[in-house]
Amino acid sequence: MFTSASKTAFVFSLTILISMGMLLGHTHAQTNFDFGDAPDGGPTGYATGILLGGAQLPQTGNFPSLLANDGARTITQSATLGSASTTESDANITDADADDGLIQFGIQLISIPAVGTLNVEVDSVSGGTYYLNAVADLNQDGEWGGFGINGESEWIVQNEIVPISSGIFTSQPFAYGSGNRIPEDTWVRIALTSEPVPNNWDGTGVFNDGEIEDHFIHIDFAGNSPPTPPTPPAIIILVIIIIIILIIIIILIILIIVFKITWLIWIVLFLLVVVVVLVVIVYVITIEITICDSMCYDVPSSTTPREKLPSTEIFDG
């Protein structure tokens, strides 16, 4: 049995040990990390254009970079994107880090949405298994973690295992776009980490090792005009069907006139209704593409100069 004095001594000793532990923990607390540097309350650099529905492109970014917003960061940097990394007590926004890991942001206009790949340079001291992840502001709302018009995930590169050794790693192809839209400008966060990121990653979290890089991607469309997206197969099929039906209607009209088969008039009227419906469908799809050609790419007018951030990457589309 403990006496009252021994209980008091035990509690006092335990309190001293806990206090010393807290003090040591505070003394050795991590103070520097490698952060991203996308605008967290700063200017996005997006054109002063409009999105579908008439919404203005956000001029202030809400990308989680700062420590207060749980911006993605790594504790150590044994493995890096590019030749080196930076460490700081908080994010150097906007776009102030010397990021050199992104070699190519490739866009292929072969489908809707377009197909993208990332080529990054990876360098490691310790080796081991690392994961590559990337998020892109495809819907250009100034945040990550959302989706495009047709459900395209902004988490474009998802926990791809990187066999670490100095060299170039190419990601799996991903959807780059929001429906028919190809964002002319977007912020991309690339993370090389020693552990996988959680599902539906939005660019936040702390990781044991690796590097975080943020890049402002500008696709330089020739002559400031975005390419017309390829004609969807649905339109081609519908047009062929319309042409076939019109040929059938012409044949039926000839039969009605020549052979006086009056009951064929009802078939002709029915086919005409079908043609009208198909034409309306083709028109709606075409209008959607036309709207995206003129509005969604956010091409600025020649009288409104665009703000360009210092380290804009320009990749021909």
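Before moving on, here are some points about what is shown:
- Index of the failed condition, Ile149 passing every other in (1) open to solvent by less than 20 Å² (accessible area, probe 1.4 Å); (2) more than 25 Å from Ser65 (Cβ to Cβ); (3) hydrophobic (A, V, I, L, M, F, W, C): (1)
- All positions within segment 161-195 that are under 18 Å from the mean Cα position of the chain (by Cα) and closer than 17 Å to Thr74 by Cβ: Arg189, Ile190, Ala191, Leu192
- One residue stands out in segment 112-143 among those that are of a type in the set (Val, Ile, Thr) and closer than 30 Å to Asn180 by Cα: the one that is surrounded by the fewest Cβ atoms within 10 Å (Cβ to Cβ), namely Val115.
- The condition of being at pLDDT below 95 and closer than 18 Å to Asn69 by Cβ holds for Gly142.
- Annotation note: Cβ proximity below 6 Å between a residue of segment 151-180 that is farther than 25 Å from Thr80 by Cβ and a residue that is charged (D, E, K, R) and assigned to a strand (DSSP E or B) (sequence gap 6+ or interchain) occurs for no pair.
- Pair list, Cβ under 6 Å, 6 or more apart: segment 181-202 residue open to solvent by 40 Å² or more (accessible area, probe 1.4 Å), other residue part of a loop (DSSP other than H, G, I, E, B): Asp202/Trp144; Asp202/Gly145
- Looking only at segment 152-179, and only at residues there that are open to solvent by less than 20 Å² (accessible area, probe 1.4 Å), more than 20 Å from Pro64 (Cβ to Cβ) and not acidic (Asp, Glu), the one that is modelled with the lowest pLDDT: Gly179
The values are calculated or read from the model by the stated rules, or taken from the named source; none is laboratory data. Keep in mind it's a predicted model, so treat the numbers as computed, not measured. Cβ coordinates were reconstructed from backbone atoms using ideal geometry, including for glycine residues, and neighbour counts include every protein chain displayed. These area figures cover heavy atoms from the full protein model, side chains too; ligands, DNA and RNA do not enter into them. Shrake-Rupley method; radii C 1.70, N 1.55, O 1.52, S 1.80 Å.
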